[in-house]
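Notes for the one structure printed next.
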Amino acid sequence: MNPRILPPTPVTTPGRVPATVVDLDLASRLPDVLGVDEHGRRVERAWLLVRQFTQPIGALLLDVPPQGLTGTDLAAAIDREIPPAARPEPGYLARRAEVLADAPPITVVVCTRERPDGLTRTLDSVLDQQYPRFRVLVVDNAPVSDDTARVAAEAADRAAVDGRAEVDYVREPRPGLSHARNRALRAAPGEILAWIDDDEIADPHWLAEVARAFADHPQADVVTGAIVPAQLATDAQLWFEQYGGHSKGRGFTPDVFSPATAHRQSPLYPLPPFGAGGNMVFRPGVLEHIGGFDTALGAGTPAMGSEDTLALMQVLLAGGTVAYQPSALVWHHHRPDLASLRNQLVGYGTGLTAAYTSLLLREPGLIRPLLRLAPTALRDTFGGGDRLAGLQADFPRELIGANRRGLARGPFAYLRSRLADRRLRRRHRGTP
């Protein structure tokens with residue numbers, strides 16, 4: 001593949017680019033990274049996604065001097081961090097081709113609300129998949145305009161020309177991400193469901209690597225993949241990566257989580273080591289078995305998030321298996337400014353403890369294992385931990401406090417969400 005330097009648009013920091021994102025493959029000529037971009041802005045760092053024969057094998061953040069970095073400089077830095085002896089053999093390419101020869105049909109679900117530009121970008125990337133047959137389901141959550149329906153119809157026209165995919169559109173009148181997710185379950189029973197968010201871009205081999213993971217791990221109920229930054233054009237986007245981003249330290253080493261691994265990774269904490277909602281794929285029937293997504297959790301509720309975290313915990317607690325396949329890759333557009341990042345971290349904290357509250361209300365017997373994990377959680381939250389250890393001097397410490405405030409309010413937010421959800425259901429009585 002040809003190396004790509006992803007442009008730092010549409011959001012930027014005036015006069016400077018905190019980091020440029022470079023997608024490169026060691027099988028191709030490595031690009032030069034200029035110290036100044038085409039608009040005369042100083043490029044301070046380069047975030048590299050390193051692949052070998054299309055498979056991601058690592059990521060590096062390098063300082064960029066004023067004169068820039070040559071391809072030789074990049075190669076030397078990569079060799080220091082990812083020695084050639086530690087790189088995988090390219091046999092997976094033959095395995096990918098073998099899997100694609102008998103690829104299972106997959107339904108890609110995009111839940112969205114009044115974000116036509118982001119949705120267009122996401123759908124374009126999904127329709128560009130190197131995959132023989134798939135369906136796309138757009139769930140329009142509590143729409144107030146016909147923008148989402150229009151974007152879905154335009155995507156359906158493009159898909160019809162190609163002939164490999166079809167694009168369907170459904171509405172969910174009840175606001176809230178979990179309601180939208182559950183609407184997808186009703187619209188696609190008995191199908192493999194691959195979830196991607198409308199602020200993400202799917203890598204061309206995303207579905208192929210999902211299928212490879214299911215083929216290599218037939219016991220897996222869920223496959224999750226890596227979520228990497230699409231751009232780091234503002235300080236806030238770089239700060240989010242410092243805080244762990246969506247990767248949370250998972251890196252690019254495949255892993256499998258199941259009851260057999262509970263001794264090294266509890267399904268209850270730390271979370272989420274096994275994946276996130278912007279890149280998760282469920283076998284048919286798995287979500288139905290756990291009762292779908294908790295509609296008192298997720299974006300659009302007082303609990304703000306973590307419907308995905310709760311679902312993954314429930315799968316593991318029920319004896320299921322989650323396979324982490326980092327080569328099933330999507331690119332995420334992080335929040336561009338400090339205020340939206342602050343709100344995001346409040347939401348993450350709120351959603352996490354709200355999810356624990358939901359879990360305990362369902363299964364009170366889990367209080368004992370959670371209490372055993374509490375000292376570790378408190379130490380990680382207030383005493384440092386791996387996530388805080390990676391923060392640089394310029395990271396706003398107020399963001400740590402924002403996340404902690406969210407953690408404290410989560411249980412109360414969940415109870416408010418439960419009440420609000422009951423009122424919402426009464427208003428929409430008669431809706432399936």
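I'd like the antiparallel share, as a percent to the nearest 5, of DSSP beta bridges with both residues in the chain.
Looking only at bridges with both residues in the chain, the antiparallel portion is about 45 percent.
Please figure out what share of the DSSP beta bridges in the range 4-90 is antiparallel and state it in percent, rounded to the nearest 5. Can you show the working numbers first?
Numbers: 14 of 22 bridges.
Among the beta bridges of the range 4-90, antiparallel pairing accounts for roughly 65 percent.
If we count other beta carbons within 10 Å of each Cβ, what is the order of 295, 353, fewest first?
Lowest to highest Cβ neighbour count: 353, 295.
Considering only DSSP states other than H, G, I, E and B, which chymotrypsin sites (Phe, Trp or Tyr not before Pro) in the range 166-239 qualify as loop sites with at most 10 other Cβ atoms within 10 Å?
Within the range 166-239, no chymotrypsin sites (Phe, Trp or Tyr not before Pro) qualify (loop, at most 10 other Cβ atoms within 10 Å).
Among 211, 355, 101, which one shows the highest mean-square fluctuation when the chain is modelled as a Gaussian network with alpha-carbon springs under 10 Å?
So, out of 211, 355, 101, the one fluctuating most is 101.
I want the local charge near residue 398. Using Cβ-Cβ distances under 11 Å, sum +1 for each Lys or Arg and -1 for each Asp or Glu among the other residues.
+4
Among DSSP bridges having both ends in the range 1-149, what percentage is antiparallel? Round to the nearest 5.
Values: 14 of 29 bridges.
Beta bridges within the range 1-149, antiparallel portion: roughly 50 percent.
The range 17-46 to the range 320-377: how many Å between their Cα centroids?
33 Å
Treat the count of other C-beta atoms within 10 Å as a stand-in for reagent exposure and order 246, 263, 217 from fewest to most. Mind showing how you got there, number by number?
Working: 246 22, 263 7, 217 18.
If I rank by nearby Cβ atoms, fewest first, I get 263, 217, 246.
As an exercise, use a Förster radius of 22 Å and the Cβ-Cβ distance of residue 145 and residue 170 to find the FRET efficiency, rounded to the nearest 0.05.
0.85
Near residue 96, within a Cβ-to-Cβ distance under 11 Å, what is the net charge of the other residues, with Lys and Arg +1 and Asp and Glu -1?
Neighbourhood net charge equals -1.
In whole Hz, what ³J(HN,Hα) sequence does the range 285-299 give by Karplus (6.51, -1.76, 1.60; θ = phi - 60°), x for Gly and Pro?
x, 5, 5, 4, 5, 8, x, x, 8, 5, 6, 8, 10, x, 4
Please build a GNM for the chain, connecting alpha carbons under 10 Å apart, and tell me which residue among 154, 288, 363 fluctuates the most.
363
Could you work out the relative contact order of the range 4-90, using alpha carbon pairs under 8 angstrom and six or more residues apart, expressed as a whole percent?
Taking the mean separation of contacting Cα pairs over the length of the range 4-90, I get 26 percent.
For the range 38-136, what relative contact order do you get, as a whole percent, if you take Cα pairs closer than 8 Å and at least 6 residues apart?
Over the range 38-136, the number comes to 20 percent.
What net charge do the residues around residue 321 carry, taking every other residue with its C-beta under 14 Å from that of residue 321, with Lys and Arg at +1 and Asp and Glu at -1?
-2
With n ≥ 4 as the cut-off for DSSP H runs, can you work out [θ] at 222 nm for the chain, using -39500 (n - 2.57) per run divided by the number of residues, rounded to the nearest 500?
Helices in the chain give a 222 nm mean residue ellipticity of -12500 deg cm²/dmol.
What residues of the range 204-231 lie in the reach of a label at residue 289, counting those whose backbone N is under 12 Å from a point 7 Å from the Cα along Cα→Cβ?
Within reach of a label on residue 289: 219-222.
Looking only at the range 261-295, which residues have a backbone nitrogen under 16 Å from a spot 7 Å from the Cα of residue 389 in the C-beta direction?
So the set is 270.
Full-extension gain between residue 262 and residue 153, please, as 0.36 nm times their residue separation minus the C-alpha to C-alpha distance.
Full extension from residue 262 to residue 153 adds 34.7 nm.
Find how many whole Å separate the alpha carbon centroid of the range 216-246 from the alpha carbon centroid of the range 59-77.
22 Å
Just name one of 163, 328, 110: the one whose Cα is farthest towards the positive end of the charge dipole of the range 93-355 (beta-carbon charges, Lys/Arg +1, Asp/Glu -1).
328
For residue 379 and residue 128, what is the calculated FRET efficiency with R₀ set at 51 Å and r taken between the beta-carbons, to the nearest 0.05?
For residue 379 and residue 128, the calculated efficiency is 0.70.
Taken together, the values in this text are just the output of simple stated rules run on the coordinates, not laboratory data. Computed from a prediction, not measured in an experiment: that's the story for all the values here. Counting neighbours? That spans all protein chains shown, and the Cβs are built from the backbone with ideal geometry, glycine included.
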